[in-house]
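Student: Mind having a look at this structure? Questions to follow.
The values are calculated or read from the model by the stated rules, or taken from the named source; none is laboratory data. Note that the structure is predicted; figures quoted are calculated from it, not measured. Counting neighbours? That spans all protein chains shown, and the Cβs are built from the backbone with ideal geometry, glycine included.
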Amino acid sequence: MTLIGFLLDAAIGWPKPLFQRISHPVVWIGRLITALEGRLNQNGRLYRLLAGAVTVLVVCAVTGGIAALVILMLPDGPAGIVIGGVLCWPWIATRSMHDHVRAVSDPLNAGDLEQARHAVSMIVGRDPSLLDAPGIARATLESLAENASDGIVAPVFWGVVGGLPGIAIYKAINTMDSMIGHRSDRYEAFGKTAARLDDLVNLIPARLSGLLFALAAGKHWRLAVDVMRRDAGKHRSPNAGWPEGAMAGALGVRLSGPRIYGDHKVDEPWVNETCPDPRPSDLRRGIWLYIRAMGLLGLALAAIALL
C-alpha cells in the first residue's frame, strides 16, 4: 500500500482541485489540534504539561482509530491493496517538496531575488527579506534535507511498519510538533510531549534519510557519510543534522549556521563548516540529489513489497 501511495504522490502530488474540494488530511488534523489547544492550553505549567499530553493522546487516538477502521472496511485482495494505497497517497509529500524547491531554484538561478525570497518564505521560518542569494540557497537546501526526512522518509517508514494507521499517527505527531512544539511562553509546556514524541518517531527515519542521500551522492558518498557522522550531533535538532549533514557533504557546501528569526539572531553551529556557502546552481544539484535519493527509496519499497 505504501508503495502505491509513494508512486502516486511522486507522479502527480496532491492536485489543487482536489485540495479545493476536500482540503487535506493534515488540515483536518490541524483543526482538531487547534480546537483542543484553544480549550486546554491554560492555567499553570503543570496543568499545561498534562493537558498537552492529553492532547497528544486524543489526536493520535482519533487519527489512528479512524485509519484503522477504514482499513478494516477495505475489501480483501488486490482491490483492498489499491484502495489502501490511494488512502496512503496524501500523507507523503514527495512531489510537493520537489515543486517548492524548484519554485526557489528557478528564479534564484535567473537572478530574481525577490521572487526567490517569496518562494523560500513558503518553506522556512526565517525572515526572507534579510537573505542574499547564498542565504536563500542555504535555507532551501536545509529545508529540502529536513523535509525529505519528515515529509517522505518518515511517513514511508511508519507506513511499512504500521500501514495506513502508522502513517496517519506519524503525521498527527509531526503536525502537532509543527503547531505546538515551540519553545515559546504559550507552547513550551503544552507542546513538550508533542515535541519529544516527534523527536522519537523521527529517530530512525532521519538516519535513513541521511543514508539515502549518501547512497545517492555517487562518488561523493564517503564525504556525505563523514560529514553526517561528524556534524549531525552539532545540530540544534537531534534528527535534522543527519540528512542535512549528508546533503552538505554530498554537495560540498556548508549548511545550518547563524540565522535570523523575527528580531533576534540565532547562532547555530555550522554543518560542514570549512566548505563554502551554496551557490544558486547548488540548488539544482540538490534537487537532483533528492530525486536520486527518492528513487532509491522507491526501489527499497518495491523490494519490500516483493518480499
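Student: Looking only at the range 216-231, decide whether some residue is touching a Ser or Thr at 6+ places or on another chain (Cβ under 9 Å) and either over 19 Å from I33 (Cα atoms) or surrounded by fewer than 16 Cβ atoms within 10 Å (Cβ to Cβ) (or both). Show your work before the answer.
Tutor: Initially, the range 216-231 is screened for residues touching a Ser or Thr at 6+ places or on another chain (Cβ under 9 Å), giving 231.
Within this subset, residues satisfying the condition of being either over 19 Å from I33 (Cα atoms) or surrounded by fewer than 16 Cβ atoms within 10 Å (Cβ to Cβ) (or both) are 231.
Yes, the conditions are met somewhere in the range 216-231.
Student: Given the conditions (1) touching a Ser or Thr at 6+ places or on another chain (Cβ under 6 Å); (2) modelled with pLDDT under 95, which single one is not true for R259?
Tutor: Looking at each condition in turn, R259 falls short on (1).
Student: Of the residues in the range 134-143, how many are touching a His at 6+ places or on another chain (Cβ under 9 Å) and surrounded by fewer than 24 Cβ atoms within 10 Å (Cβ to Cβ)? Before you say what the answer is, go through the steps one by one.
Tutor: Start the filter on the range 134-143 by keeping residues that are touching a His at 6+ places or on another chain (Cβ under 9 Å), which leaves 140, 143.
Next, only the ones that are surrounded by fewer than 24 Cβ atoms within 10 Å (Cβ to Cβ) stay: 143.
Total meeting the criteria: 1.
Student: Sticking with this one: Please work out if D185 is farther than 20 Å from P155 by Cα, of a type in the set (D, E) and crowded, with 19+ Cβ neighbours inside 10 Å. Talk me through it step by step, then tell me what you get.
Tutor: Working: farther than 20 Å from P155 by Cα: yes; of a type in the set (D, E): yes; crowded, with 19+ Cβ neighbours inside 10 Å: no.
For D185, the condition - farther than 20 Å from P155 by Cα, of a type in the set (D, E) and crowded, with 19+ Cβ neighbours inside 10 Å - is not met.
Student: Determine if the range 283-291 includes at least one residue that is under 25 Å from P128 (Cα atoms), out of contact with any Asp or Glu (no Cβ under 7 Å at 6 or more places or on another chain) and among the β-branched types (V, I, T). Even if it seems obvious, please write down each step before you answer.
Tutor: Keep residues of the range 283-291 that are under 25 Å from P128 (Cα atoms), which gives 283-290.
Pick out the ones that are also out of contact with any Asp or Glu (no Cβ under 7 Å at 6 or more places or on another chain) and you get 283-290.
Okay, now just the ones that are also among the β-branched types (V, I, T), so 287.
Looking through the range 283-291, at least one residue is under 25 Å from P128 (Cα atoms), out of contact with any Asp or Glu (no Cβ under 7 Å at 6 or more places or on another chain) and among the β-branched types (V, I, T).
Student: So which residues in the range 68-88 are under 29 Å from the mean Cα position of the chain (by Cα) and farther than 16 Å from G166 by Cβ, if there are any at all?
Tutor: Passing the criteria: G80, V82, I83, V86.
Student: Right, another one. Give the range 71-86 a look and list any residue that's surrounded by 10 or more Cβ atoms within 10 Å (Cβ to Cβ) and on the phi > 0 side of the Ramachandran plot, or say none.
Tutor: Pass one, the range 71-86, residues surrounded by 10 or more Cβ atoms within 10 Å (Cβ to Cβ): 71, 74-75, 79-86.
Listed by number, the list is empty, since nothing qualifies.
Student: While we're on this one: Where in the range 40-125 are there helices (runs of 4 or more DSSP H), lying fully within it, with 2 or more residues that are of a type outside the set (D, E, K, R) and under 26 Å from G295 (Cβ atoms)? Before you say what the answer is, go through the steps one by one.
Tutor: Details: elements: 45-73, 78-88, 94-109, 113-120.
Those helices (runs of 4 or more DSSP H) span 78-88, 94-109, 113-120.
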